[in-house]
Structures are given as C-alpha cells and as structure tokens.
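No lab work stands behind these numbers, since they all come straight from the coordinates. Being a predicted model, the structure only gives us computed values, none of them experimental. Cβ atoms come from the backbone with ideal geometry, glycine included; neighbour counts cover every protein chain shown.
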Amino acid sequence: MVRAGLSVERLTRAGAELADEVGFDQVTVSALARRFDVKVASLYSHLKNSQDLKTRIALFALEELADRAAAALAGRAGKDALAAFADVYRDYAREHPGRYAAAQLRLDPETAASSAGVRHAQMTRAILRGYDLTEPDQTHAVRMLGSVFHGYVSLELGGGFSHTPVDPQESWAWIVDSLDALLRGWTTP
C-alpha cells in the first residue's frame, strides 16, 4: 500500500523537495498528498495542516543549513570564517531555493528558541568574536551580516544581477572583502 512508510520525517523531507521544485509558498498538504498519490486525509494523521507542514520544512531547512555552516566554519577564523559562512548561505539558497525561503518563515517564539536558528546566531557571534566587537555593536553586526547575505541572495535568485556584464561572483567577493574591512575597522558611531 502506498501509505506504508509515511512518517512526519518522510513527509517533511518530501515537502522540502517540493518547495525547491515549485516554491515554498506553493507547498500544501494537498500538493504533498498528490506527490504520494494518497488522499489528503491520510496525511492528517502525521500533519495538523499546511502551516504545520511549512513549520516543519522551515525547521528542517534551518537544521540543514546550520549543519552545513558548522562544517564550513570548522577550523576557520576571521575573514576565512566570514567568507565560508557567507558562501554556505549563498550556495544553499542557490541549491535549495524553496528550503532557503522556508528558513525565513517567522516562527513563534517558543519554536524559534528551540530551532537551529539559535545555532545560526551563535555561529555568527563566534565569527564576530574574531573582530573584537562588544555589545551592542555585536548585535548590530549580526543583523547587518544577515541583511547583506539575505538581500544579496534574494536579489540574485530573483535575476536582479543578470543584466550587467559584471559576474555576480566578483560582486560577492567584493562584498565579503568589504564586510571584513568594515568589521576589522569597526568604531562605534
């Protein structure tokens, strides 16, 4: 029987794959049921609703991304760590656009506090320790890095850089170099 073997984990992974194929906003329990050729009702023993599915995909994506970032950061410091961290985010977004979009889902405070999002913040702060920033500057820098990385990736995925002869990789390297220089010379305004 087709339903045999369905689990929350399998449905979450299939939902993440579906998000990469059709876009995170198009993922629903109905679309997932069609993927498994089962009735929607058969999935409700595993999932509460489409929002539950989307939350699970977001948590899956955050975990996957945190694991990649942690592996990339191992043994690195300073600009090397900053560049590795930035590249992980960009590469993940390009490889898994639906999952990357899922990782941006606003989670309720309790879910967010127990998610891999906490690891992302910890890794960012660990990178920033190499730049000797204190609070509140460190928090400002965490937000700046997240904004720059997400903004660039979003514009790139949307085709925003496809109309100029400058290779987006050149701009990316320039941005990482500029962030490193900014952080090394950081002074509180």
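The value of relative contact order for the chain, using C-alpha pairs under 8 Å at least six residues apart, is 22 percent. Taken over the stretch 1-120, the convex hull of the Cα atoms encloses 105 Å³ per residue. Using a Gaussian network model of the chain in which every pair of alpha carbons under 10 angstrom is joined by a spring, one finds that among F36, F60, F85 the greatest mean-square fluctuation is at F36.
With r as the distance between the Cβ atoms of S162 and A113 and R0 = 45 Å, compute the FRET efficiency 1/(1 + (r/R0)^6) and round to 0.05. It comes to 0.70.
Efficiency by 1/(1 + (r/R0)^6): what FRET value for S147 and R34, r their Cβ-Cβ distance, R0 = 35 Å, to the nearest 0.05?
Details: r = 37 Å, r/R0 = 1.05.
My answer for the efficiency is 0.45.
In the chain, taking the dipole from charged Cβ atoms about the Cα centre, the farthest positive-side position among L105, H163, G185 is held by L105.
For the stretch 179-185, 3J(HN,Hα) computed residue by residue from phi via the Karplus equation (6.51, -1.76, 1.60; θ = phi - 60°) reads 5, 4, 5, 4, 5, 5, x Hz, glycine and proline entered as x.
Highest mean first, the peptides 37-47, 106-116 sorted by other C-beta atoms within 10 Å per residue fall in the order 37-47, 106-116.
Working note: 222 nm ellipticity from helices only, DSSP H runs with n ≥ 4, each -39,500 (n - 2.57), summed and divided by the residues of the chain, gives -22000 deg cm²/dmol to the nearest 500.
How high is the FRET efficiency between D25 and A74 when r is their beta carbon distance and R₀ equals 35 Å, given to the nearest 0.05?
Values: r = 34 Å, r/R0 = 0.98.
The formula returns an efficiency of 0.55 here.
The stretch 1-44 and the stretch 134-177 have Cα centres lying 33 Å from one another.
Take the Cα of D91, go 7 Å toward its beta carbon, and the backbone nitrogen atoms of the stretch 153-178 under 17 Å from that spot belong to 153, 169-170, 172-173, 176. Relative to the Cα centre, the charge distribution of the stretch 35-99, modelled as +1 at Lys and Arg Cβ and -1 at Asp and Glu Cβ, gives a dipole magnitude of about 220 debye.
Label the stretch 85-189 by shape, choosing from rounded, prolate and oblate, from the square roots a ≥ b ≥ c of the eigenvalues of the Cα gyration tensor; if a/c is under 1.5 it is rounded, and otherwise prolate applies when a/b is larger than b/c, oblate when it is not. Intermediate results must be reported in sequence, preceding the final value.
Values: a/c = 2.33, a/b = 1.10, b/c = 2.12.
Judged from the Cα gyration tensor, the stretch 85-189 comes out oblate (a/c at least 1.5, b/c at or above a/b).
Overall, the anisotropy analysis places the stretch 72-127 in the oblate class: the square-rooted eigenvalues a ≥ b ≥ c of its C-alpha gyration tensor yield a/c not less than 1.5, with a/b not exceeding b/c.
Distance between the pseudo-spin-label points of N49 and S154 (7 Å out from Cα toward the beta carbon): 2.6 nm.
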